Structures are given as C-alpha cells and as structure tokens.
Amino acid sequence: MPARRPVLRPFYYLDHFHEMLRLVDLRCSHLLCEEENTFLEKFRSLSKSAQAIYVRVGNRKGAVVKISSLDYDEISDLPTALEELTTQNFLKSPSDDLAREMLAAFTKPELLELLRQHDLAQPSYSGLSKPALVDFSLETALHSQIPAGTFVCYQCTEAIDYIRFLYFGRLRDGMQAFTLRDLGIVKTRDEADGQFRCIFPDQVTARQKFFYEKLSISTRSASSHELIRTSEQIAQWPNANENGDFDRAVARLGSKLERMELIDSALKVYQASPAHPSRERAIRILFKKDRKEEARDLLDQILENPDSDEELIFGEDFLARKFGQSRTGLLTDLLRSAPVIQIDEAFRDGAEKPAIEHFKQEGWDAWHTENWFWSTLFGIWFWDELQGLEVATTHNEFDIRPAALRDGTFYENQKEEIEAKLNLIGTPEGAAHLDQIFTKHFGVANGVFRWSQNNLLILQQFCATAPASAISEVLRMIAKNPKAMSTGYPDLLLIRKKEIRFVEVKAEGDQIRRHQLAKIRLLDQVGLDVSFARVQWFIDPDQTYVVVDIETTGGRAEYHRITEIGAVKIKKGKIIDRFTTLIDPERAIPRKITQLTGITDAMVKDQPKFKEIAEEFNRFTAGAVFVAHSARFDYGFIRQEYRLLSYNYRRPTLCTVVAMRKYFPGLSAYGLAPLCEEFGIDLTRHHRAMADAEATTELLALINEKRLAAQGASRSD
C-alpha cells in the first residue's frame with residue numbers, strides 16, 4: 001500500500017512563519033533595519049490568533065482579501081483578531097485605488113448580484129467575460145457600494161517582504177515551500193548536510209538586491225504609464241552592477257517598453273546600460289529609425305570592447321549584414337554550409353534521435369548530450385569542492401544548489417583545490433575518481449545535475465578519448481562563471497576509436513542562437529571538434545497526415561480551453577477518416593469568441609469534456625504527422641490539454657503557414673481565408689473547426705506537390 005501522506009497540524013502556517021523568522025534572526029539580524037526590527041517586535045506581541053490571521057492574509061494572492069474567506073477552525077474569535085490587527089496597523093480597509101482588485105475578488109455571479117441589487121444589471125451582462133464585467137463595474141463606481149468590512153488589506157508589506165527576501169533570496173518563493181516539505185513533496189537540505197548562511201554579505205548589498213527584485217516583479221505587471229514613470233527614474237536606481245543587477249533591470253524594462261510599442265522610451269532606457277543585450281537592442285532601434293551613424297558608433301564600441309562572446313558575435317554579424325556586403329548573417333551562413341542529413345519527416349517531433357541513428361550507421365558511438373553532459377561532468381569532478389561539509393553552504397534548506405555557484409565565488413575561493421583536481425584529468429587517478437564519486441554518491445540531490453545510471457559510461461569514454469587540456473579548460477571556465485556556461489552546448493557527442501566530435505543538429509526552420517554559437521566557438525578554441533548537421537526532411541508519399549483545426553475560448557493555451565476539434569486524416573493524398581466534436585471547455589465562452597466562431601455556451605453544455613475524448617483523439621493521430629495552419633497554436637493547445645491529464649502528447653508537426661511562405665513566396669497574406677481566396681479553395685464556415693481543417697488539407701496538397709517535386713529534382717541531381 002502507498003505510504004500515507006503526513007497530516008498538517010493546526011497553525012502549521014504560523015509555525016512555518018516563525019521558523020523563517022528564527023533563521024533570519026540567527027543568520028541575518030545584521031541586515032535588518034529599524035523598520036524590520038519594529039515589525040518583528042510588534043508581531044511577536046500579537047495574540048496567536050492575530051498572528052495566524054496576519055500570516056493567512058499574507059499568504060493569499062492579490063492586494064485585498066475577503067473577510068468572509070478567513071473562516072478557519074483554529075481561529076475561534078475572528079472579529080477580535082481582526083480588530084487587534086487593525087488597531088496595530090497590520091491590516092486596514094482598502095482605499096479606492098484598490099477598487100479593481102476588490103471587484104475582481106468577487107466571483108462573476110456575485111458581481112452580477114451586486115449589480116442587480118443596485119439596479120445596474122441587464123440581461124446582456126451575463127454574457128460578458130469576468131474581466132469585462134469588472135471593467136463595467138468599475139466604470140459605474142460599483143465599488144463605492146461595497147459594504148464596509150467586506151475586505152481587508154495587508155499592511156507592513158515592505159518589512160515582511162524584505163525579511164522573506166533575506167530568507168529565500170527572491171520574492172517569488174513563498175511560504176508554500178514549507179508546506180510542501182512537511183507533506184514530503186519536496187526534498188530539502190538538512191543543516192547537517194551543509195551550513196546555512198546569509199545570502200548577502202552586507203546590508204547595502206541586501207537592500208540593492210531587494211530593490212531590483214521588487215523592480216523585476218513590478219515591471220512584469222506595470223501599465224504603460226507606470227513603465228514610463230519607472231524609466232524616468234533610472235538615474236536614481238542603486239548602482240548595484242557587480243552582479244549585473246542594473247544592466248538586467250534595464251534590459252528587462254526596455255524589452256517591456258518595446259513590446260508595448262513605446263520605442264522612443266525603450267531606446268532611452270537601453271542607452272543607460274553599456275552591457276548586452278541593451279546595446280544590441282539600441283543599435284537595432286537606431287538602425288530602424290535611420291539613425292545609422294549613431295548605430296555604427298555604438299556598434300564600434302561593441303567590437304572594440306564586447307561585453308560577452310554573444311555580444312561580439314552579434315556585432316560581427318550586424319556589421320556584415322547592415323554595413324558590409326554580406327546579405328546573410330554569420331549564423332545563417334554557418335547553417336547553410338553544414339552537411340545535410342535526410343530524415344523521414346515522421347521524426348519531425350525530434351531530429352536528434354534519427355540523427356544519432358544516422359551517425360551510428362557511420363560507425364560512431366553517439367549520444368544526445370546537450371547541456372546535461374557538461375553540468376554532470378562538472379558536478380561529479382568537483383563533488384568534494386561543491387558538496388563537502390566545509391563548502392556546501394546554502395542559503396536555506398530549500399536551496400540545494402551550492403551558494404558558491406549562485407554568487408560566483410566558487411573558483412575564487414577554492415582555486416588551489418580546483419586546479420589540483422583538474423590536473424587529474426586524463427590520468428588513471430582521474431578515471432578512478434570519476435568512478436568512485438559516481439558510485440558513492442549516486443542519487444544524492446546536489447543542485448548541479450540530475451543523475452542517470454547510463455551517464456557514467458559516456459563520461460568515462462569521453463574522458464579517455466578527449467584531450468585532457470580541452471576538458472580542463474572547459475571545466476575551469478564553468479567553475480569561473482557557472483551561470484554563463486550552463487547552456488548552449490551542441491546536441492550530440494560522437495566517439496569513434498580515438499576520434500571525438502560534437503554535433504549541433506538543426507532541422508528546417510531552426511536557427512543557430514548566438515549563445516549556442518558562442519559555446520561552439522569555445523569548444524573549437526580549446527581543441528574539440530565541433531560541426532553542424534542540417535536535417536532535411538524526406539517526404540514519404542505514403543505518409544499519413546492528420547490535419548487539425550481547433551476553436552478555443554481564447555488565445556493562450558495556459559489560460560484557455562478547447563471548444564471544438566476538427567481533424568482530417570489523409571493518406572496518399574486522399575481523405576481516409578474524419579474526427580470532429582464540440583467540447584465542453586468547463587468555463588464560459590467570451591462573447592467576442594462566440595461572435596467569431598458562432599459557438600455558444602448552450603452548444604457545448606452537454607458535449608464531452610476533453611478528458612472524455614482524449615484517448616480517442618490520441619489513437620486517431622497516432623503514427624501521423626500533425627498538420628495545422630499555425631501549428632504552434634493548435635498543437636500547443638492540444639499538448640496543454642493532455643498535460644492537464646498528466647500525459648505527454650508528442651507528434652511530428654507541419655505548419656502550413658510556414659510551408660506556404662516557403663513554397664509560395666510573395667503572396668499578400670498567409671492567413672487561411674486569404675490563401676483560400678488566392679487558390680480558389682472553398683471556405684464557407686470559417687472559424688469552425690472541420691471547415692477550416694478541410695480547407696487546410698487542400699493547402700497541404702499544394703505544399704506536398706511542391707515538396708515532392710523538389711525532392712525528386714534533388715535526387716536526380
């Protein structure tokens with residue numbers, strides 16, 4: 001029988017809160033100011049019930065909390081606890097600037113009832129989405145009619161946020177971590193495994209980090225006016241750039257302004273930072289605005305003093321394409337010059353596996369290594385330096401990654417030990433060390449890599465074949481800059497006798513990202529052979545395709561649900577089967593979606609939920625290429641629906657938008673309706689799933705005609 005999950009005790013959340021405070025007292029008291037010390041003194045003087053309510057309110061999301069939701073069995077006298085908290089200024093009644101938050105805290109039926117009570121409701125309002133209903137309620141000042149004592153608002157947020165920040169090192173981590181620990185869901189590190197220490201060396205650093213953490217959170221949800229106001233205050237930001245906090249904040253704010261199409265404001269923000277990617281974005285904006293001389297001046301600064309290898313690659317590439325003779329960039333040229341591997345398009349959902357089989361046929365031992373390989377070799381080789389009792393300090397029990405990797409002090413603090421260990425690479429002692437650490441510590445959570453029993457053989461074979469100097473140099477660079485060296489490595493590792501090669505696999509439409517190119521250059525510079533393999537999909541005339549179209553309640557798979565699926569199965573160019581159904585999305589369909597698709601709440605009310613058709617649709621699409629017009633949208637929604645059922649749905653995909661652009665370039669538009677008009681395809685019920693799927697099958701026929709002709713021509717050459 002499965003083990004019973006632990007039962008949480010009464011006031012468990014308050015115990016967690018005090019547990020956090022105890023560690024902050026023990027490790028971080030020197031970082032507290034008068035405001036936090038005053039808060040702690042006042043909080044500890046509260047009654048237990050008042051403390052419990054304060055913690056409960058603080059654990060809620062949102063700026064306001066409905067008092068009616070604070071009904072807990074362990075709190076015997078809620079009114080008295082609330083009065084105590086209000087008197088001591090821990091809670092207060094919300095002000096009018098939180099009107100939207102108050103209205104949004106009501107359910108949709110509650111809002112409609114409140115509107116009805118004040119003679120503001122109309123039958124048409126029931127069809128509004130919740131956000132639209134909140135907007136209307138705000139316009140009619142409905143919040144002014146909310147009875148006093150309905151909501152409370154959290155006070156002392158700055159003090160408790162700072163204390164929580166000192167414990168977790170970030171504000172996005174909440175007290176839920178303690179609960180997950182008590183339930184046995186997450187593993188933690190005992191202090192016996194490594195000494196907990198304060199994250200920040202001094203109060204100035206802590207305050208600066210706290211400022212930028214809050215800025216990061218506020219930037220994500222800020223309005224355009226708030227973003228502009230923030231951008232005008234850059235000169236007053238703390239100069240905390242030893243770890244790049246200022247530069248990262250500038251890049252984050254500039255990117256958000258760009259997405260809101262506030263280009264002039266974004267440019268001013270980017271120009272405040274001398275680092276990547278802000279200088280790149282500034283150059284692109286200046287060039288687009290035809291301010292080419294300014295763009296060239298900034299580009300010259302990059303080339304003379306690049307912030308990183310990635311920025312240098314951008315500078316060289318941009319100079320060649322925009323100020324030189326090259327029509328394509330360095331990345332594109334590299335990809336085009338790579339040898340081609342032809343692979344059946346039935347493997348479109350992952351090119352690495354068939355590429356491995358291709359190289360095995362050439363006599364290589366081949367593995368999909370990518371980023372896990374170097375992090376695992378690094379974590380095992382320096383296990384004692386990373387995990388030993390003297391050095392495996394972490395910030396708290398939930399942070400299993402060694403602190404020295406987070407703060408970048410690993411190489412600096414243990415240079416002699418690291419260099420001595422690097423000298424073992426390529427020796428019998430080194431081989432024994434690798435085997436001993438892997439065997440002795442297998443499965444131990446370490447915050448650096450994940451264990452896999454199969455990896456030891458790969459690491460042993462690599463260390464016995466690759467130049468010791470090359471391995472040493474890469475591991476040394478990881479030790480010096482673990483964050484920058486964590487990703488971007490080539491997909492495959494190949495070994496054949498004494499030969500060794502890394503291969504980056506790129507399928508049609510893939511791009512080489514600059515951080516990948518930087519790692520490829522690095523491996524090449526230390527003496528490791530790196531190459532590219534370009535996958536070209538081979539089209540089997542007998543391949544089965546399933547052309548899919550869906551209708552949804554909105555545009556984002558993580559927030560919305562499917563209302564209809566239409567799918568057409570094709571083999572040898574002919575329709576052999578169909579799948580179509582309306583689906584109950586288990587939520588209201590917004591009015592604008594109904595206007596677009598014609599699908600109403602009444603139509604889906606008695607239809608199956610996705611979980612009820614999931615198995616049938618899985619069988620229907622098995623062994624087929626998943627085709628859709630804008631496949632990222634349809635495939636993304638389908639995958640998300642299966643993800644909610646704890647199932648990993650994978651199919652090779654083909655996007656008819658991308659393919660039509662490739663094989664029929666120069667058309668005025670590539671939406672489904674314009675393409676159907678262009679090629680005389682019948683589309684009588686646009687935005688209904690089956691009608692759109694059937695129209696897309698005709699686009700697929702046009703695409704495959706072109707693809708097969710090109711494939712035939714290529715073979716005859």
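Throughout, read-outs are computed from the coordinates displayed, never taken from laboratory work. Here the structure is a predicted model, which is why all the values come from computation and not from measurement. A quick note on method: Cβ atoms are made from the backbone with ideal geometry, for glycine too, and the neighbour counts reach across all protein chains shown.
Descriptive notes on the structure:
- Burial order of peptide ranges 450-461, 692-703, 523-534, 251-262 (average beta-carbon count within 10 Å, highest first): 692-703, 251-262, 523-534, 450-461
- Between residue 261 and residue 596, the FRET efficiency from the beta-carbon distance, with R0 = 30 Å, is close to 0.80.
- The tail of the calculated P(r) for segment 544-714, taken as Cα-Cα distances beyond 28 Å, holds 21 percent of the pairs.
- Working from Cα pairs under 8 Å separated by at least six residues, relative contact order for segment 203-324 is 17 percent.
- Within segment 340-538: Cβ-based charge dipole about Cα centre, in debye rounded to nearest 20 (Lys, Arg +1; Asp, Glu -1): 300
- What the Cα atoms of the chain give is an Rg and a Dmax of 29.8, 87 Å.
- Evaluated over segment 340-538, the Cα radius of gyration and Dmax, each in Å: 17.6, 56
- For segment 489-543 versus segment 642-680, the spacing of their alpha-carbon centroids is 27 Å.
- Segment 340-538: Lys pairs at Cα distance under 19 angstrom, eight or more positions apart or on different chains: 11
- Estimated [θ] at 222 nm from DSSP helical runs (n ≥ 4, -39500 (n - 2.57)) normalised by residues in the chain, nearest 500: -15500 deg cm²/dmol
- Where labels lie 7 Å past Cα in the beta-carbon direction, separation of residue 417 and residue 645 in nm: 5.1
- Residue 121 long-range amide H proximity, modeled H, under 5 Å: 116
- Sites residue 513 and residue 34, calculated FRET efficiency, Cβ-Cβ separation with R0 45 Å, nearest 0.05: 0.40
- Overall form of segment 203-324 per C-alpha gyration tensor (a/c, 1.5; a/b vs b/c): oblate
- In plain terms, the C-alpha convex hull of segment 25-69 casts an average shadow of 4.3 nm² when viewed from every direction.
- Projected-area mean, segment 102-155, by convex hull of Cα positions, square nanometres: 3.9
- Simple label model, 7 Å out from Cα along Cβ direction - residue 615 to residue 119, nm: 5.7
- Partners for residue 289 among lysines (Cα-Cα distance below 24 Å; same-chain residues under 8 apart left out): 256, 268, 322
- For segment 458-567: relative contact order, % (alpha-carbon pairs under 8 angstrom, 6 or more apart): 21
- Gyration tensor over the Cα atoms of segment 633-683: the corresponding equivalent ellipsoid has semi-axes (square roots of 5 times the eigenvalues, largest first) of 30, 12, 8 Å.
- Only lysine pairs 8 or more places apart or on separate chains count here, and in segment 544-714 those with Cα atoms under 27 Å apart total 14.
- Normalised by the number of residues in the chain, the mean separation of alpha-carbon contacts (under 8 Å, six or more apart) gives a relative contact order of 10 percent.
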